[in-house]
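What follows is one structure encoded as structure tokens, with my remarks underneath.
The values are calculated or read from the model by the stated rules, or taken from the named source; none is laboratory data. Note that the structure is a prediction, hence the values are computed from the model and not measured. Cβ placement follows ideal geometry from the backbone for every residue including glycine, while neighbour counts extend to all protein chains displayed. Just so you know, the surface numbers come from the protein's heavy atoms only, side chains and all, with ligands and any DNA or RNA stripped out. Shrake-Rupley method; radii C 1.70, N 1.55, O 1.52, S 1.80 Å.
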Amino acid sequence: MKKTFSEILYDFLKDNELTQVAFAKKVGIKQSQVSEWLKGKAKPGYDILRQMALAFNISADYFLGITESY
């Protein structure tokens with residue numbers, strides 16, 4: 001079963017023991033954005049997705065659900 005972006009992000013935060021605040025700070029966004037993503041109310045755009053991949057030095061494919069590992 002394909003995971004939603006919310007599920008992927010939740011798993012990433014849990015696996016890396018990150019809070020919403022710590023994740024947001026590292027990416028350079030507001031914590032409220034992370035909260036909206038986790039609730040499934042919104043998804044990041046291209047620029048933010050790119051920032052996420054660069055901030056954690058992983059492929060954006062992971063956050064897109066294309067690959068299961070980072």
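Structure above, values below:
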{"read-out": "Of the criteria (1) surrounded by 14 or more Cβ atoms within 10 Å (Cβ to Cβ); (2) modelled with pLDDT under 95, which one Gly65 fails", "value": "(1)"}
{"read-out": "Qualifying residue in segment 17-36 (condition: part of a helix (DSSP H, G or I), among the aliphatic types (A, V, I, L, M) and exposed (fewer than 13 other Cβ atoms within 10 Å of the Cβ))", "value": "yes"}
{"read-out": "Members of segment 37-55 found to be open to solvent by less than 40 Å² (accessible area, probe 1.4 Å) and closer than 16 Å to Tyr70 by Cα, listed by number", "value": "Leu49, Met52, Ala53, Ala55"}
{"read-out": "Unique residue being on the phi < 0 side of the Ramachandran plot and in contact (Cβ under 8 Å) with a residue 24 or more places away in the chain when the list is Phe56, Phe23", "value": "Phe56"}
